[in-house]
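Below: one structure, written as structure tokens.
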Amino acid sequence: MVEKVGLVLHLAKSGRLIVKATTSNIKVGAIIIDANGRKVAKVAEVFGQVKAPYLSCIPLSDRVKKLEGKEVYTSTEGDKSG
């Protein structure tokens, strides 16, 4: 099952993706995927308000600039490639 995580705001100067989360049910280490199911980032830090957190994510691809303004997701089934 795929769950919406939030919206990519921008690529920080540190090289991390900043995501405005739409759920507070996200943990450090979670893998973030795009709408096509490709792994794009790993959650490194959760910060901000508990009800409306932000995520600092380490990119797993060099094409992260294209993700700005796009919704991202996480898979709740574990890592199943297929």
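The values are calculated or read from the model by the stated rules, or taken from the named source; none is laboratory data. Please read these numbers as outputs of a predicted model, since none were measured by experiment. Heads up, the Cβs are rebuilt from the backbone with ideal geometry, glycines too, and the neighbour counts pull from every protein chain shown.
Matching residues to (1) closer than 12 Å to residue 27 by Cα; (2) over 11 Å from the mean Cα position of the chain (by Cα); (3) at pLDDT below 85; (4) of a type outside the set (Val, Ile, Thr):
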position	(1), (2), (3), (4)
40	no, no, no, no
43	yes, no, no, no
46	yes, no, no, no
55	yes, no, no, yes
59	no, no, no, yes
71	no, no, no, yes
76	yes, yes, yes, no
82	no, yes, yes, yes
>> Let me spell it out: the conditions are (1) surrounded by 14 or more Cβ atoms within 10 Å (Cβ to Cβ); (2) under 17 Å from residue 3 (Cα atoms); (3) of a type in the set (Gly, Ala, Ser), and residue 24 meets all of them except one. Which number is the exception?
In response: (1)
>> Any residue in the stretch 28-50 that is closer than 17 Å to residue 7 by Cβ sitting within a Cβ distance under 8 Å of a residue that is aromatic (Phe, Trp, Tyr)? List the pairs, counting only those 6 or more apart or interchain.
In response: 32/73; 33/73; 34/73; 35/73; 46/54; 47/54; 48/54
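Conditions tested, residue by residue: (1) in a strand (DSSP E or B); (2) β-branched (Val, Ile, Thr).
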{"residue": "50", "(1), (2)": "no, yes"}
{"residue": "56", "(1), (2)": "yes, no"}
{"residue": "66", "(1), (2)": "no, no"}
{"residue": "73", "(1), (2)": "yes, no"}
> Within the stretch 1-13, how many residues turn out to be in contact (Cβ under 8 Å) with a residue 12 or more places away in the chain and surrounded by fewer than 11 Cβ atoms within 10 Å (Cβ to Cβ)?
Replying inline: 1
> From the list 19, 72, 50, which residue is of a type in the set (Val, Ile, Thr) and exposed (fewer than 11 other Cβ atoms within 10 Å of the Cβ)?
Replying inline: 50
